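Report on the following structure.
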Amino acid sequence: MNKTFVTSLFSVLVFIILLLPQCKSSKESGEIIEIGNGKISLAFEKATGKFIAFNDIANSHEFINQEVVKGLPWEVRFDSPSNNQSQANETIPSKFRYSKPDSLTIILEWEGFKEMKGFKVKAKINLDEEKALSYWKIFVDGIKGNPIRGVVFPKIEGITESGEEKLVIPGWMGELMHNPRVALSAGQIKRMEWVYPGALSSQIFALYDSNLCGFYASCNDSLSYTKNFAFTLDTMNTLEYEMINYPSFDPALDSYTPSYEAVIGSFKGDWITAAEMYREWAVKQRWATESRFRNGIIPSWLENTALWVWNRGKSGNVLKPAVELKNKLGLPISVFWHWWHNNSYDEFLPEYIPPREGKKSFTNAVLSAQREGVRSIVYMNAIQWGESTESWKAENAIPFSLKDINGNMNSHIYNIFTGNSLTVMCMGTQFWRDKYSSLCDSVVNVYKTNGVYMDQACLSYKCFDRSHGHSAGGGNYWVEGFGKLTDQIRSKVSKETEPIFPGEGSGESWIPYLDAFLTLQPSRERYAGVGNSETIPLFQAIYHQYGITYGSYSSLVTPPYDEKWPKEYAPENTEQLLDEAFNKQFLMEQARSFVWGCQPTIANYHSFLNYERKVEIDYLLNIARLRYKALKYLLKGEFCRNPGIEPPVENIKISRLSIYAGRTPGENVKTFNKDVPVLYAGTWKADDNNIGIALASISDNYISVDFNFNSAEYNLPSEGEVYIITNEGKELLNSYTGGSISVKYSMQPRGLCILEIVPSV
Ligand SMILES: [Zn+2]
């Protein structure tokens, strides 16, 4: 499944909204309180505590239009007993005071709320001693008897437009949205809101024009507490940024303080600059030190996988072509296997076993492929149970399903052909962990697979069912529960087949638990078409050394149709050649995965492609071979900024077509044209300090590659050699002295190479 990028919109019932009457704002020093560290300064209105100025001193950039700021930098959303928004009150604190315990810190306190005696809010904001960053913490007191739906903090209003803006969104692999205000103004609801952990893989947002200045918003929570992030556009074309924190939904709770701080800062640069700022903090956290990949506790066959084949159906359609391709490639191929199971896809979960082709046939095929050196992992959804299954009733699943604040279950129809829904189970329950781990036990121990791909793994939910034993609503029980689940699975499965447990999506919180991450966004256009957002390798830029990424919808044939789905909707052309107009889209997807440090994947591979789409299959196999010569960069290296390589651009045809997209009755393949680079580059630093620059051309013509850079940009000594590695071998391109590295090279049509910079020791 891959439908989680739909922005989750948030309806809020507010009992008390804290809005101040229009106060006259002023820049006069007598009316503001200000703190600064030489890099940035923050100013609050002395009378009210409104946040009215955020200045980047070096770049003389003011982020906030104070005329637009209406409210305080926080909002507490209490539960409404009547669930009726029209009963919202406006409550004004009668008392506000502030203090500055030191030159970098400011403390703001509000109390005297007419509607709630004893209710107090305190905010502590302090500046980093050296960096252009500030840390924001909130303390909420006197809330007993008034459960909270959300504490918005910080709430930063009036963010003005700054040039040609881009917005970094850490949606799983990463997304760069162009002109977010234009996108928001076109929508009915001028708001985007995302859930962390889950749909957001890390806690970093950046809104910038690289020629001007960037707004950096983050959070230093390393314990995976659930929270939302949001941007809203107002009528003045200014943006409001919110981080929404969730205390336990508990009337007995009298005070709430998150265990973490929000981080607000400024930067000059691009998304890589912002990613590097975040990485500096992120790789020191628990999830990095407990990384399964970094600690070498994942089975070596996963690291050694040169190519994934992602096929669907019975073993003849899956393992057989993979073994053939492995023999052609001459390197290890692993199989990512959907539709092996008894139930129809996205329906009747979790009734996966026995496999649809029968136990004997399945197990024999799995073992036979293993003897040929091809291992396979099978799909199983990590959170869903179909309400139309017999087991749903027989095993009494309802008490252990996720419940929203009103006690309702979370059911959704994924299978557009049958309309049967799936319901989310609560990861905080031992019942679900027992159920899922027993399924893993069977498919590994009995059916001899090499592991389970955990669909919808990198998602989290707020559950309000008090009988589950976790805190209601807010908390970090989801990720904790996931950790318990994978511990339980690994304690039960046999080591015989060296099983692995990768999951869908990516997420910093899951780095200690999953063996690899399925990141489909190099093939984003297949399911999302062409829009104002593009995929960026943000997760790899932060965490490449800590988590293996793989996966792509990249395919040369039309999507398959599950034989268990209704016959009347079955298209005639399943797994038939796609129009060759889309061949370049395939090359582009493979080039992206290669230079972005993912393990390459082909979806729906069949041996007839070896001659029907020879150029494209050869390209893929050549990528796998070349990548294999450069694993210290492309598997284990640290992401670096590319040197200034200007890629030529070409207009290519793009198809939007996946098992559901373009397959709804009456809907056809959607075709787009898109200007894309025809040369892809990715730069990686190995542990031995060498630099590898992966280059992949998808052009039919020669491309002249000509660029210079200074060794100091990569903290390299000023002398060394530049080698070029291709599938034909390794050659010295030139030597460099004085730190000046110069590359002149002619890329063949669809050429691939690794430029290796080896400094003299
Ligand atoms: Zn629960």
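The values are calculated or read from the model by the stated rules, or taken from the named source; none is laboratory data. Just so you know, these numbers come straight off a predicted model, no measurement behind them. We place every Cβ from the backbone using ideal geometry, glycine too, and count neighbours over all the protein chains shown.
Looking at the range 457-480 only, could you name the residues that are at positive phi and surrounded by 20 or more Cβ atoms within 10 Å (Cβ to Cβ)? Let's see the steps before the verdict.
First, the residues of the range 457-480 that are at positive phi: 469, 473, 475.
Those that are at positive phi and surrounded by 20 or more Cβ atoms within 10 Å (Cβ to Cβ): Gly473, Gly475.
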List pairs: first residue in the range 100-116 and hydroxyl-bearing (Ser, Thr, Tyr), second residue surrounded by 13 or more Cβ atoms within 10 Å (Cβ to Cβ) anywhere in the structure, Cβ distance under 6 angstrom, at least six positions apart or on different chains. Thr105/Asn126
Phe482 within 21 Å of the chain's Cα centre (by Cα), within 15 Å of the ligand (Cβ to nearest atom) and either part of a loop (DSSP other than H, G, I, E, B) or at pLDDT 95 or above (or both): yes
Hey, can you tell me all the residues within the range 599-634 that are under 21 Å from Glu731 (Cα atoms) and either of a type in the set (A, V, I, L, M) or touching an Asp or Glu at 6+ places or on another chain (Cβ under 6 Å) (or both)? Ile623, Ala624, Leu626, Ala630, Leu631, Leu634
Based on this model, can you work out whether Ser471 counts as in a loop (DSSP other than H, G, I, E, B), more than 15 Å from the ligand (Cβ to nearest atom) and touching a residue at least 24 places away in the same chain (Cβ under 8 Å)? no
Where Ser344 falls short, out of the listed (1) in contact with a strand residue (DSSP E or B) (Cβ under 7 Å, 6 or more places away or on another chain); (2) modelled with pLDDT under 95: (1)
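Can you tell me which of Leu331, Leu307, Leu349 is among the hydrophobic types (A, V, I, L, M, F, W, C) and surrounded by fewer than 23 Cβ atoms within 10 Å (Cβ to Cβ)? Break it down into steps so the answer makes sense when it comes.
Details: Leu307 fails: surrounded by fewer than 23 Cβ atoms within 10 Å (Cβ to Cβ); Leu349 fails: surrounded by fewer than 23 Cβ atoms within 10 Å (Cβ to Cβ).
Result: Leu331 is the single residue among Leu331, Leu307, Leu349 that is among the hydrophobic types (A, V, I, L, M, F, W, C) and surrounded by fewer than 23 Cβ atoms within 10 Å (Cβ to Cβ).
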Inside the range 709-761, can you point out the residues that are assigned to a strand (DSSP E or B), within 30 Å of Leu331 (Cβ to Cβ) and aromatic (Phe, Trp, Tyr)? Tyr723, Tyr745
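Being touching a residue at least 24 places away in the same chain (Cβ under 8 Å), within 16 Å of the ligand (Cβ to nearest atom), in a loop (DSSP other than H, G, I, E, B) and closer than 24 Å to Trp308 by Cβ: is that true of Leu514 here? Even if it seems obvious, please write down each step before you answer.
Details: touching a residue at least 24 places away in the same chain (Cβ under 8 Å): yes; within 16 Å of the ligand (Cβ to nearest atom): no; in a loop (DSSP other than H, G, I, E, B): yes; closer than 24 Å to Trp308 by Cβ: yes.
For Leu514, the condition - touching a residue at least 24 places away in the same chain (Cβ under 8 Å), within 16 Å of the ligand (Cβ to nearest atom), in a loop (DSSP other than H, G, I, E, B) and closer than 24 Å to Trp308 by Cβ - is not met.
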Is the range 158-169 home to any residue that is over 17 Å from Gly531 (Cβ atoms) and part of a strand (DSSP E or B)? yes
So in the range 254-299, with the set limited to residues that are under 21 Å from Gln599 (Cβ atoms) and among the basic types (Lys, Arg), which one is surrounded by the fewest Cβ atoms within 10 Å (Cβ to Cβ)? Arg294
For the range 407-444 the number of residues that are crowded, with 22+ Cβ neighbours inside 10 Å, small (Gly, Ala, Ser) and under 30 Å from Tyr569 (Cα atoms) is 0
What number goes with the only condition from (1) surrounded by 24 or more Cβ atoms within 10 Å (Cβ to Cβ); (2) at pLDDT below 95; (3) among the charged types (D, E, K, R) that Glu504 does not pass? (2)
I'd like the full set of residues that are outside any loop (DSSP other than H, G, I, E, B) and near the ligand (Cβ under 9 Å from one of its atoms), limited to the range 450-467. Cys463, Arg466, Ser467
Would you be able to say whether some residue in the range 271-293 is over 22 Å from the mean Cα position of the chain (by Cα) and small (Gly, Ala, Ser)? no
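Tyr477 - would you say it is in contact with a Gly (Cβ under 8 Å, 6 or more places away or on another chain) and away from the ligand (no atom under 16 Å from the Cβ)?
Details: in contact with a Gly (Cβ under 8 Å, 6 or more places away or on another chain): yes; away from the ligand (no atom under 16 Å from the Cβ): no.
No: the conditions fail for Tyr477.
Can you give me the number of residues within the range 271-292 that are closer than 21 Å to Leu223 by Cβ and either touching a strand residue (DSSP E or B) at 6+ places or on another chain (Cβ under 7 Å) or not small (Gly, Ala, Ser) (or both)?
Number satisfying all stated conditions: 13.
If I ask for residues that are of a type in the set (Gly, Ala, Ser) and in contact with a Leu (Cβ under 8 Å, 6 or more places away or on another chain), which ones from the range 579-635 would you list?
Restricting attention to the range 579-635, the residues satisfying the condition of being of a type in the set (Gly, Ala, Ser) are 581, 591, 593, 597, 603, 607, 624, 630.
Hits for the range 579-635 are Gly597, Ser607, Ala624.
Restricting attention to the range 104-128, which residues are small (Gly, Ala, Ser) and at pLDDT 95 or above? Reasoning before the result, please.
Initially, the range 104-128 is screened for residues small (Gly, Ala, Ser), giving 112, 118, 123.
Scanning the range 104-128 gives a single hit, Ala123.
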Per-region count, the range 143-177, residues more than 23 Å from the chain's Cα centre (by Cα) and among the acidic types (Asp, Glu): 3
May I ask you to list the residues in the range 331-346 that are touching a residue at least 40 places away in the same chain (Cβ under 8 Å) and either within 20 Å of Gln599 (Cβ to Cβ) or polar (S, T, N, Q) (or both)? Leu331, Pro332, Ile333, Ser334, Val335, Phe336, Trp337, His338, Asn343, Ser344
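Does Val152 satisfy being modelled with pLDDT of 95 or more and more than 19 Å from Ile264 (Cα to Cα)?
Working: modelled with pLDDT of 95 or more: yes; more than 19 Å from Ile264 (Cα to Cα): no.
Criteria not met by Val152.
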Helices (runs of 4 or more DSSP H) (entirely within the range 347-442) containing at least 1 residues that are away from the ligand (no atom under 16 Å from the Cβ), touching a residue at least 40 places away in the same chain (Cβ under 8 Å) and under 26 Å from Asn476 (Cα atoms): 430-441
Go through the range 133-154 residue by residue and tally those that are surrounded by fewer than 23 Cβ atoms within 10 Å (Cβ to Cβ) and either farther than 18 Å from Pro247 by Cα or among the hydroxyl-bearing types (Ser, Thr, Tyr) (or both). 2
